[in-house]
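Report on one structure; see the data block that follows.
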Amino acid sequence: MIITRWQAQSQPNTQVLSQILATEGIEPVQEIFPAQKKVRDHRHTMAEIRYVLKGELLFNISGNQFLLRAGDRVEIPANTRHSYSNNSQEDCISLCGYRIV
């Protein structure tokens, strides 16, 4: 797993993060997670790349927990068990894409 924290002074937006993913050959999909939404443990046959646009997501990847906020990115290797939840009172918006490995 690779976590990248947002370092720019400007706030991230859909266009900028979509362009970053497009340069990597990834076609992103925007997802909205309502407050208190939980996604159970699961795996993918492809690597998952996810940016948080707004709000925050609490991830659990193979027993390691961490919080992503606006602009933060996580890359989860293929076949890695993971779950995440939006424990806040606001919706979380993220961009997600997959890379075949």
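No value in this document is a laboratory result; all are computed from the given coordinates. Values in this document were obtained by computation on a predicted structure and should not be read as measured data. Cβ sites come from the backbone with ideal geometry, for glycine too, and all protein chains shown count toward neighbours.
Just a yes or no: is a residue in the stretch 4-13 polar (S, T, N, Q), closer than 11 Å to L95 by Cα and without any contact (Cβ under 8 Å) to a residue 40 or more places away in the chain?
Scanning the stretch 4-13, I find no residue that is polar (S, T, N, Q), closer than 11 Å to L95 by Cα and without any contact (Cβ under 8 Å) to a residue 40 or more places away in the chain, so the answer is no.
It is to be established whether one or more residues within the stretch 56-75 are more than 22 Å from R99 (Cα to Cα), touching an Asp or Glu at 6+ places or on another chain (Cβ under 6 Å) and crowded, with 17+ Cβ neighbours inside 10 Å.
Within the stretch 56-75, none of the residues are more than 22 Å from R99 (Cα to Cα), touching an Asp or Glu at 6+ places or on another chain (Cβ under 6 Å) and crowded, with 17+ Cβ neighbours inside 10 Å.
Identify the single condition in (1) more than 16 Å from P12 (Cβ to Cβ); (2) under 10 Å from the mean Cα position of the chain (by Cα) that L68 does not satisfy, given that it satisfies every other one.
Of the numbered conditions (1) more than 16 Å from P12 (Cβ to Cβ); (2) under 10 Å from the mean Cα position of the chain (by Cα), the odd one out for L68 is (1).
With the condition kept exactly as written, say whether any residue in the stretch 13-28 is touching a Cys at 6+ places or on another chain (Cβ under 6 Å) and either within 25 Å of A78 (Cα to Cα) or assigned to a loop (DSSP other than H, G, I, E, B) (or both).
No.
Taking the stretch 30-43, which residues are exposed (fewer than 14 other Cβ atoms within 10 Å of the Cβ) and over 22 Å from N13 (Cα atoms)?
Of everything in the stretch 30-43, those that are exposed (fewer than 14 other Cβ atoms within 10 Å of the Cβ) and over 22 Å from N13 (Cα atoms) turn out to be Q36, K38, R40, D41, H42, R43.
Looking at the stretch 49-69, can you tell me whether even one residue there is of a type outside the set (F, W, Y), touching a residue at least 60 places away in the same chain (Cβ under 8 Å), touching a Leu at 6+ places or on another chain (Cβ under 9 Å) and closer than 14 Å to I2 by Cβ?
yes
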